[in-house]
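The values are calculated or read from the model by the stated rules, or taken from the named source; none is laboratory data. Quick caveat, the model's predicted, so the values are computed rather than measured. We place every Cβ from the backbone using ideal geometry, glycine too, and count neighbours over all the protein chains shown. Areas reflect the complete protein model, heavy atoms only, side chains present, ligands, DNA and RNA absent. Shrake-Rupley method; radii C 1.70, N 1.55, O 1.52, S 1.80 Å.
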Amino acid sequence: MTYDAFADFRMAGHNVIITGGAQNIGAGIARTLSGAGAKVMIADLNGDKAKETAAAIEKETGNDCRGIKCDVTSLDDINALVAETVRAFGGISTLVNNVGWGGRHEDPTAITEEDFIKSYKLNTISAYRMSMACLPHLEKAKNATITNSGSFSSATPAYDILAYGTAKAALNQMMVSIAHMLAKKVRVNSVLIGTVMTEGYADAGIDAAMQEKLKHPDNLTGRPGKAEDIANAMLWLCSPASGWVSGQIINVHGGGGVVRLFGH
């Protein structure tokens, strides 16, 4: 019998929820997990786009992929998403808390309390609520995983996106704690994502000049990330291939900035 080195990366028999999966990095993760054999439910605030993306992925991979409208800051929407996924797929084995967003502050010295709270609700609390809503089903599944889209801005000074970065830093602590709480039951990991060029950058207030600069980062690989770079890391963490990995925060950001003792 031929040895299949990729067997543990295959996701056949897995039922996935991915939040914020209608476009950008989320759509790339959905496509990769579906391509690996999983059934995927794409949940997104833009329900029409979620269904459109799911239909395109299903056509490409031949695996069941569906889309549903979901506001992850609404507990009613979260419960409806979980119920529909269980109805459609028979269970949930894999949760990807990908949804998250944070705009640039024109004046970082005048961030409102409301801005901090809104960011925390979207980037931190929603992941907790999603995880707890899925937990009864995850505990019944083989290779049950929760994997989170974190941000490199949570681990480095980033005052121009301070509300977002601090909410993502809270996500790091929360998810490591949940990994310990769910030890032996559900594996929990996070990916700290660096600069990945998507349409979302323009939406976050990054102007054309800065976007052009971001295309040529001074990192160890010399290039910005692609959705596929994040999706491949997510596949490893969601699949049985990482069965001995939990409670980890993994950087996927081109290796970070180049350190030069004497400058350029």
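Accessible surface comparison of W236, W101, probe 1.4 Å, protein chains only, largest first: the order is W101, W236. Round to the nearest 10 and give me the degree value, 0 to 90, for the angle of helix 47-61's Cα axis relative to the longest principal axis of the chain. Value to nearest ten degrees: 60.
The residues V252, V259, sorted by heavy-atom accessible surface at 1.4 Å with ligands and nucleic acids left out, run V259, V252 from largest to smallest. Length gained on full extension, R104 to K121: 4.4 nm, using 0.36 nm per residue less the C-alpha separation.
At 1.4 Å probe size, with every protein chain present, just tell me what the per residue accessible area of the chain comes to in Å². Display every interim value, and only then the final one.
Details: 13550 Å² over 264 residues.
That works out to 51 Å² for each residue.
Take 105-111, 158-164 and order them by the average number of nearby Cβ atoms within 10 Å per residue, most first; the result is 158-164, 105-111.
Fully extending the segment from E84 to F262, taken as 0.36 nm per residue of separation minus the present Cα-Cα distance, adds 58.3 nm. Computed over protein heavy atoms with a 1.4 Å probe, the carbon and sulfur contribution to the accessible area of the range 19-163 reaches 51%. Between I111 and D4, the contour length at 0.36 nm per residue exceeds the Cα-Cα span by 33.3 nm.
Using a simple spin-label model with pseudo-atoms 7 Å out from Cα toward Cβ, E139 and N46 lie 3.7 nm apart.
How do K49, K185 stack up against each other in accessible area, from largest to smallest, with a 1.4 angstrom probe?
Values: K49 60, K185 120 Å².
Correct descending sequence by accessible area is K185, K49.
In percent, what relative contact order does the chain have, based on Cα pairs under 8 Å that are 6 or more apart in sequence? Walk me through the intermediate numbers first.
Details: 524 pairs, mean separation 51.9, N = 264.
Across the chain, relative contact order equals 20 percent.
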